Amino acid sequence: MTTTVEALADAIKESGTNVIVGHPGGESVEFMEAARQRDMRFILIKQEVAGAMLAATLGDLTGAPGVCLSTRGPGAANMVNGVAHAALDRSPLIAITDRYAAPEHAVGLRQRIDHLAMYAPLVKWGTTVEAGVARQQFARAMREATAPAPGPVQLDMPQSETTRAVGEPVAPPTTLPNTVTPAPDRAALKGVVDAIDAARKPVILAGLGVYWDDASAEMVALAEALGAPVLTTSKCKGAIPEDHTLRAGCIIGGLIERKLVSEADLIITIGLDAVELQPKPWPYTTPVISLANIPARDALVPAQMEVLGDLRTLLPALAELCRGGADWGETAAATFRDDVTAALDTPAHGLSPQRAMEVARAVLPRDTIATCDAGASRLLVVQKWQSYGPREFLTSNGLGSMGFAIPGALAARIVHPDRPVVAFTGDGGFMMALGELQTAAREDLPITVVVFDDSEIGLIRIKQEIKGIPRYGVGIGGINWESLAHGFGADAAVVETENALQDALAAAQHTSRTTVIVARIDGSGYVDQFNALREL
């Protein structure tokens, strides 16, 4: 006899996932035991939000759905923000919530929340597990979570179903589909090939769909064939190596990129998802061709042609068929990079955040995986940090949630145990995930955490200053960083100069412990930087 929780553990392993993250409740213990018997790893997280973010990032990095777990009621409610991250950042995630058995759920009030209704606006699909059809439910959950655009699925697990025997259909469903993608019809591509060939200054805007089809190399090859500069969304930093001569920079929805894009006579979007863009009207009149694996339904980007197909087969076909030969790409990309550098080169008293990032990139190894929190410092990290491969830069962009950097870094450490991992976070975002320093120590997942300490919620202070409102309600400060880090089993250093930061980062590369480096920065240049780069 196979029980429901055993079938669930089998489905998770079959999908390619061997890690479960969460903060369990009493109804979870049978499922956890089924996972233990299958040599799966369970990571006890201190906050359900962080657990869902960690699991979602595992999904990003592996392509298999991450799995997070919470108890009923307060645990399920607390996990919502992490599931929202998976929804808006397009991460494959299975969110499992405990639930009372049917009789207790029907009449009880304490800790009873309608989990399905609470999660419905955020998930691609949600269901209450029923043992008789559980195999089909689990197979659908894995397929829904991983199908483009990836996202979260919720399984509500009643206590009465955990140890019941699952139904045994004549032909058990496979967890993931076995799909075949045929080559593009070259005759059907004639219109788009003609349009690309007619362009003398094409520009490429690359987004998350490049990762869904594992098509980074194919995207770069098309850019090279066309001689087109490439702008990526912040989630796609590294999809084109950032020392490539055609790499311009990141789309941030600001004024600075409009000069480059407006000079183009054709915009080619590749896998661009509107959730990655600022919620404002499309500012360009230049013709747009969209290459993607799913149709756009938001109507935000006014594409004259949408070409749908698996990007790993579509992009090489276009690279072969198109004439190419534009000679503006390298110069245009270099000019954009210079413009960004000049915009960020604001004066500072002491250590500036932009110089801190330049020092970090110079010291840390080329193959370092970086995570980044939301906040004022994110603008500098996105523009100054350079990544050289796909999924080597991880952030919350669609949701833009604080508290992501540390759980994201722990996920990177799990998947890449032999590579350096650094988390860049502001002091506010760091405090939101503080408990996961203990997770890093207990689970032997050493990371380097760089905290930009400006003693305030800098992004809100910037908005107050721009609007002429006095600084109010944004102060932090007064934290004994060394004692705090040591209490969680981490090493710590507080630095105020470039040399001290350089030494601390170098030392962190030669320890097996988590290191917290607090950089006391002067954020007085933020307003000028934001005004130059981005509309607020």
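No lab work stands behind these numbers, since they all come straight from the coordinates. The shown structure was predicted, so the numbers you read here are calculated from the model rather than taken from an experiment. No Cβ is skipped: glycine too gets one built from the backbone with ideal geometry, and neighbour counts run over all protein chains shown.
Among His23, His510, His115, the ranking by other beta carbons within 10 Å of each residue's beta carbon, starting with the fewest, stands as His510, His23, His115. In percent, rounded to a whole number, the relative contact order of the stretch 4-161 is 24, using alpha-carbon pairs under 8 Å and six or more apart. Cα centroid separation, the stretch 426-496 to the stretch 23-80: 25 Å. Centre-to-centre separation between the Cα atoms of the stretch 353-380 and those of the stretch 101-173: 40 Å. Stokes-Einstein diffusion of the stretch 372-413 at 10 °C, 1.306 mPa s viscosity, Kirkwood radius from Cα pairs, rounded to a whole number: 148 µm²/s.
Phi-derived couplings, Karplus 6.51 cos²θ - 1.76 cosθ + 1.60 at θ = phi - 60°, listed residue by residue for the stretch 239-244: 4, 10, x, 7, 10, 6 Hz, with x used for Gly and Pro.
With contacts taken as Cα pairs under 8 Å at a separation of at least 6 residues, the stretch 346-533 carries a relative contact order of 27 percent. Ordering Tyr472, Tyr284, Tyr526 from the fewest to the most neighbouring beta carbons within 10 Å gives Tyr472, Tyr284, Tyr526. Relative to the compact-globule estimate of 2.2 N^0.38 Å, the Cα radius of gyration of the stretch 1-56 comes out at 1.11. When the trypsin sites (Lys or Arg not before Pro) in the stretch 416-492 are filtered for DSSP coil states and for at most 11 other beta-carbon atoms within 10 Å of their beta-carbon, the remaining sites are Lys467, Arg471. For Gly126, the residues whose modelled amide H falls within less than 5 Å of its own, excluding neighbours fewer than 5 places apart on the same chain, are Gln154.
Its Kirkwood hydrodynamic radius, worked out from the mean inverse distance over all distinct Cα pairs, puts the stretch 190-335 at 14.8 Å.
By the helix-only formula, in which each DSSP H run with n ≥ 4 contributes -39500 (n - 2.57) and the sum is divided by residues, the chain has a 222 nm mean residue ellipticity of -11000 deg cm²/dmol. Rg over Rh for the stretch 346-533 works out to 0.94, using Cα positions for both radii and the Kirkwood form for Rh. Computed from the C-alpha gyration tensor, the three semi-axes of the ellipsoid equivalent to the stretch 4-161 are 21, 17, 15 Å, from longest to shortest. Most simply put, the chain has about 5% antiparallel DSSP beta bridges, counting only bridges with both residues inside it. Only helices at least 20 Å long along their own axis, judged from Cα atoms, and with Kyte-Doolittle mean hydropathy of -0.5 or greater: name those in the chain from DSSP H. Those that clear 20 Å and a mean of -0.5 are 48-62, 329-344.
Legend: ranking of residues Met118, Met1 from fewest to most surrounding C-beta atoms inside 10 Å; resulting order Met1, Met118. From Cα pairs below 8 angstrom and at least 6 apart in sequence, can you work out the relative contact order of the chain, rounded to a whole percent? Computed value for the chain: 13 percent relative contact order.
All other residues with a Cβ under 13 Å from the Cβ of Glu263 taken together, and with Lys, Arg as +1 and Asp, Glu as -1, what is their net charge?
Details: positive: Arg200, Lys201, Arg258, Lys259; negative: Glu257, Asp265, Asp339.
Net of charged neighbours comes to +1.
With R₀ fixed at 30 Å, the C-beta to C-beta distance from Glu104 to Ala165 puts the FRET efficiency at about 0.90. Were the residues from Asp298 through Asn480 laid out at 0.36 nm apart, the gain over their Cα-Cα distance would be 60.8 nm. What's log10 of I(q)/I(0) for the chain at q = 0.13 Å⁻¹, Debye sum over Cα points only, no solvent? For the chain, the Cα-only Debye profile gives -1.29.
The distance separating the Cα centre of the stretch 231-304 from that of the stretch 311-339 comes to 13 Å. Under 5 Å between amide hydrogens, built in the peptide plane, is the criterion, and for Leu69 it picks out Val21, Gly22, His23, Ile96 among residues at least 5 positions away or on other chains.
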